[in-house]
Amino acid sequence: MTMPQQIKVSDITDESSAQTYLDQMVMTTFCRVLDTSRLPPVVVMRLLASALGTTYREVAVAHQDGQCPCGWCPLPAIDIETLRASLEDAAALKRADDLGTMAVAGRA
Ligand SMILES: [Zn+2]
């Protein structure tokens with residue numbers, strides 16, 4: 001399996017490079033925990049999803065009542081639904097016969 005070139009945190013310039021960096025970090029972390037814990041993969045996946053939820057909650061709390069100058073106002077119901085949709089979208093197995101994704105799948 002050929003890995004794409006690793007990107008460093010200093011390479012993050014936009015949403016796309018941020019996604020690539022986070023994909024690498026989460027995969028690396030997942031594999032380390034899987035190897036070390038010997039827990040079943042689906043258990044480690046659930047722990048990862050839980051960690052993301054915890055991260056959301058802590059960041060949202062830090063942004064309540066204008067505590068952060070960045071101005072983000074958490075909207076938990078909408079934000080959590082967006083996170084859930086992102087997880088489902090990214091996790092769904094892509095159909096090999098889907099012409100729209102064939103080129104991408106062939107290079108993955
Ligand atoms: Zn902020």
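Throughout, read-outs are computed from the coordinates displayed, never taken from laboratory work. Quantities reported herein were computed from a predicted structural model and do not represent experimental measurements. With ideal geometry, Cβ positions are generated from the backbone for all residues, glycine too; neighbour counts draw on all protein chains shown.
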Mind listing P(r) for segment 9-107? All alpha-carbon pairs, 5 Å bins, whole percents.
-> 2, 10, 12, 18, 21, 18, 11, 6, 2, 1
Averaging sequence separations of C-alpha pairs under 8 Å and six or more residues apart, then dividing by the length of the chain, give the relative contact order as a whole percent.
-> 10 percent
Rounded tilt (10° steps) of 76-91 against the dominant C-alpha axis of the chain | 10 degrees
Which listed residue (59, 30, 41) has the Cα farthest towards the positive end of the charge dipole for segment 13-70, taking +1 on Lys and Arg C-beta and -1 on Asp and Glu C-beta about the Cα centre?
-> 41
Please give the calculated 222 nm ellipticity per residue for the chain, where each DSSP H segment of at least 4 residues contributes -39500 (n - 2.57) and the sum is spread over every residue; nearest 500 deg cm²/dmol?
-> -22000 deg cm²/dmol
May I ask you to list the trypsin sites (Lys or Arg not before Pro) in segment 28-85 that are in a DSSP loop and have at most 11 other Cβ atoms within 10 Å of their Cβ?
-> 38
So between residue 13 and residue 61, what do we pick up on full extension, going 0.36 nm a residue minus the alpha carbon distance?
-> 14.6 nm
Report the calculated FRET efficiency for residue 51 and residue 94 (r = Cβ-Cβ distance, R0 = 41 Å), to the nearest 0.05.
-> 0.95
How far is helix 15-37 tilted, in degrees, relative to the longest principal axis of the Cα atoms in the chain, given as a value from 0 to 90 rounded to the nearest 10?
-> 80 degrees
